[in-house]
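Note sheet for the following structure.
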Amino acid sequence: MTAAIIVVIVLVLDQLTKFMVQNSAVLQTQSIPVIPKFFYLTYVQNTGAAWSVFADKTQLLALVSAVAVGVMLWYVITRKPKKWILFALALMIGGAAGNMIDRIWLGYVRDFFDFYPFGYNFPVFNVADIALTIGVIMLILASLKEEDQHA
């Protein structure tokens, strides 16, 4: 699977799920328990980043996202990274672009996965955030593996 296909899959899944949640009449007024006291669907309009850091700094976050996507695309095109790094970067590009689209067109990011692990109210997130997180973890693991091979 090419990196471009991965980016498109992440973008389509992200935007489609956000659209479905945003247009759910039920989620406009209440959370839906999927696993009571642990996992809910809760529609939130987030004007910041994770944990609402930089709340109401939507334009700044959109600019940072655009620069990050541009740098990652430049790296992919010019450096031809190995398969796992390319896969990680494709997930990150798709995730960053998905949230950037929301920030540019709506002025906020649509979040809806709402977890309460061990009673802690974890920040509400979306498919783009999942792709970003998995991509970052993969990138870290690939970097650690490279360090081991050079040691």
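Residues of the stretch 57-69 that are free of Cβ contacts under 8 Å to residues at least 40 places away in the same chain and within 16 Å of the chain's Cα centre (by Cα): LEU63, VAL64, SER65, ALA66, VAL67, ALA68, VAL69. Checked against (1) assigned to a loop (DSSP other than H, G, I, E, B); (2) aromatic (Phe, Trp, Tyr); (3) open to solvent by less than 50 Å² (accessible area, probe 1.4 Å), PHE112 passes all but a single condition, namely (1).
Residues in the stretch 68-91: is at least one crowded, with 19+ Cβ neighbours inside 10 Å, aromatic (Phe, Trp, Tyr) and either farther than 18 Å from LEU132 by Cα or touching a helix residue (DSSP H, G or I) at 6+ places or on another chain (Cβ under 7 Å) (or both)? Among the residues of the stretch 68-91, at least one is crowded, with 19+ Cβ neighbours inside 10 Å, aromatic (Phe, Trp, Tyr) and either farther than 18 Å from LEU132 by Cα or touching a helix residue (DSSP H, G or I) at 6+ places or on another chain (Cβ under 7 Å) (or both), which makes the answer yes.
In the stretch 28-55, how many residues are among the polar types (S, T, N, Q), touching a Gly at 6+ places or on another chain (Cβ under 9 Å) and open to solvent by 70 Å² or more (accessible area, probe 1.4 Å)? Give the derivation first.
Taking the stretch 28-55 first, the residues among the polar types (S, T, N, Q) are 28-31, 42, 45-47, 52.
Those still in the list that are touching a Gly at 6+ places or on another chain (Cβ under 9 Å) too: 45, 47.
The next check asks that each one be open to solvent by 70 Å² or more (accessible area, probe 1.4 Å); those that pass are 45.
Residues in the stretch 28-55 being among the polar types (S, T, N, Q), touching a Gly at 6+ places or on another chain (Cβ under 9 Å) and open to solvent by 70 Å² or more (accessible area, probe 1.4 Å): 1 in total.
Just one of the listed residues (PHE19, PHE87) is assigned to a helix (DSSP H, G or I), at pLDDT 95 or above and over 26 Å from SER143 (Cβ atoms), namely PHE19.
Going residue by residue through the stretch 4-13, is there one that turns out to be in contact (Cβ under 8 Å) with a residue 24 or more places away in the chain and either basic (Lys, Arg) or more than 18 Å from LEU132 (Cα to Cα) (or both)? No: the stretch 4-13 contains no residue that is in contact (Cβ under 8 Å) with a residue 24 or more places away in the chain and either basic (Lys, Arg) or more than 18 Å from LEU132 (Cα to Cα) (or both). Residues of the stretch 21-33 that are free of Cβ contacts under 8 Å to residues at least 40 places away in the same chain and either farther than 11 Å from PHE112 by Cβ or within 17 Å of the chain's Cα centre (by Cα) (or both): ASN23, ALA25, VAL26, GLN28, THR29, GLN30, PRO33.
The sole residue among ILE104, ILE134 that is within 21 Å of VAL67 (Cβ to Cβ) and in contact with a helix residue (DSSP H, G or I) (Cβ under 7 Å, 6 or more places away or on another chain) is ILE104. Within the stretch 38-56, track down each residue that is in contact (Cβ under 8 Å) with a residue 24 or more places away in the chain and either closer than 19 Å to MET138 by Cα or over 14 Å from the mean Cα position of the chain (by Cα) (or both). Within the stretch 38-56, PHE38, PHE39, TYR40, LEU41, THR42, TYR43, VAL44, GLN45, THR47, SER52 meet the criteria.
The values are calculated or read from the model by the stated rules, or taken from the named source; none is laboratory data. Everything numeric here is computed off the predicted structure, so don't read it as measured data. All Cβ positions, glycine included, derive from the backbone under ideal geometry; neighbour counts span all protein chains shown. Ligands, DNA and RNA are excluded from the accessible area calculation, which covers all protein heavy atoms including side chains. Shrake-Rupley method; radii C 1.70, N 1.55, O 1.52, S 1.80 Å.
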